[in-house]
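**Student:** Got a structure here, written out as structure tokens. Questions coming.
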Amino acid sequence: MNLRWIGALLGICCLAITPVVSHPMGNFSISHYSRFTIGPQSVDLLYMIDMAEIPTFQEKPLVDLNGNGTLEAREQDAYLAGKVEGLTGGLVVKLNGTRRPLERISQQLELLPGGLNLPTMKISLRYQLKTGPSQDANLLEYEDTNFPGRAGWKEIVVVGDGIEESSAGSIDKSQ
């Protein structure tokens, strides 16, 4: 076989491959991020849902109610009003064995460029849990039951003063 022909064929194959930016955990994934900041009178929680291209595609008709391809502020607010309630219900936070309600401080929805000309969706929620004066030792338990069985990374970060022991790390690996 002619070696020049093989080289030309490999060159054509390399030209046919175009770089594709896609979601790091796959186009079907939904990733979760929870960052707890422990304070003397409260616990702050930053909770983020990062939907890859396919889940975003599936959710987009629920956000873009008029179907014009643009997510207007009122459409985002309407979507978040329903979605956030469900996401909040899927977060189980217990302080000293008692489930405690989370007070929502803020919410935000962003569509970001993804792979294959499809967007990804990021939902950011900030909560606060009032704890009152600390006991000698407090036990904070947390469970995220949103999107069970769905592929994606799940990171929990705990920072603050006075943390004696934690099964979650204090270093934010995903940033």
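**Student:** Hey, any hits in segment 159-169 for a residue that's β-branched (Val, Ile, Thr), more than 13 Å from TYR47 (Cβ to Cβ) and in contact with a Lys or Arg (Cβ under 8 Å, 6 or more places away or on another chain)?
**Tutor:** Within segment 159-169 (the criterion being β-branched (Val, Ile, Thr), more than 13 Å from TYR47 (Cβ to Cβ) and in contact with a Lys or Arg (Cβ under 8 Å, 6 or more places away or on another chain)), the answer is yes, since at least one residue qualifies.
**Student:** Looking at segment 43-84, which of its residues are acidic (Asp, Glu) and over 16 Å from GLU143 (Cα atoms)?
**Tutor:** Within segment 43-84, ASP50, GLU53, GLU59, ASP64, GLU72, GLU75, ASP77 qualify.
**Student:** Within segment 60-102, count every residue that is buried (at least 17 other Cβ atoms within 10 Å of the Cβ), in a loop (DSSP other than H, G, I, E, B) and of a type outside the set (A, V, I, L, M, F, W, C).
**Tutor:** The total comes to 1.
**Student:** For segment 26-59, give me each residue that is β-branched (Val, Ile, Thr) and open to solvent by 40 Å² or more (accessible area, probe 1.4 Å).
**Tutor:** THR37, ILE38, ILE54
**Student:** Might you let me know whether segment 72-92 holds any residue that is over 14 Å from ARG126 (Cβ atoms), in contact with a helix residue (DSSP H, G or I) (Cβ under 7 Å, 6 or more places away or on another chain) and among the aliphatic types (A, V, I, L, M)?
**Tutor:** No, segment 72-92 has no match at all.
**Student:** Moving on. I'd like the residue in segment 120-151 that is open to solvent by less than 30 Å² (accessible area, probe 1.4 Å) and in a loop (DSSP other than H, G, I, E, B) and, out of all such residues, is modelled with the lowest pLDDT.
**Tutor:** The selected residue is GLY132.
**Student:** Restricting to segment 152-175, count the residues that are at pLDDT 85 or above, open to solvent by 60 Å² or more (accessible area, probe 1.4 Å) and assigned to a loop (DSSP other than H, G, I, E, B). Walk me through how you get there before you give the answer.
**Tutor:** Of the residues in segment 152-175, the ones at pLDDT 85 or above are 152-160.
This time we only want the ones that are open to solvent by 60 Å² or more (accessible area, probe 1.4 Å), so: 153-154, 156.
Narrowing the set further to residues that are assigned to a loop (DSSP other than H, G, I, E, B) leaves 153.
Going through segment 152-175 one residue at a time, the tally reaches 1.
**Student:** Among the residues of segment 103-116, write down those that are open to solvent by 50 Å² or more (accessible area, probe 1.4 Å) and outside any strand (DSSP E or B).
**Tutor:** Correct list: LEU116 only.
**Student:** Pairs needed: first member in segment 117-144, free of Cβ contacts under 8 Å to residues at least 24 places away in the same chain; second member anywhere, open to solvent by 20 Å² or more (accessible area, probe 1.4 Å) and not basic (Lys, Arg); C-beta distance under 8 Å; at least 6 residues apart or different chains.
**Tutor:** none
The values are calculated or read from the model by the stated rules, or taken from the named source; none is laboratory data. The structure presented is a predicted model; accordingly, all values stated were derived computationally and were not measured. Neighbour counts are summed over all protein chains in view; Cβ atoms, including those assigned to glycine, are modelled from backbone coordinates with ideal geometry. Heads up: the accessible areas ignore ligands, DNA and RNA and are worked out on the full protein's heavy atoms, side chains in. Shrake-Rupley method; radii C 1.70, N 1.55, O 1.52, S 1.80 Å.
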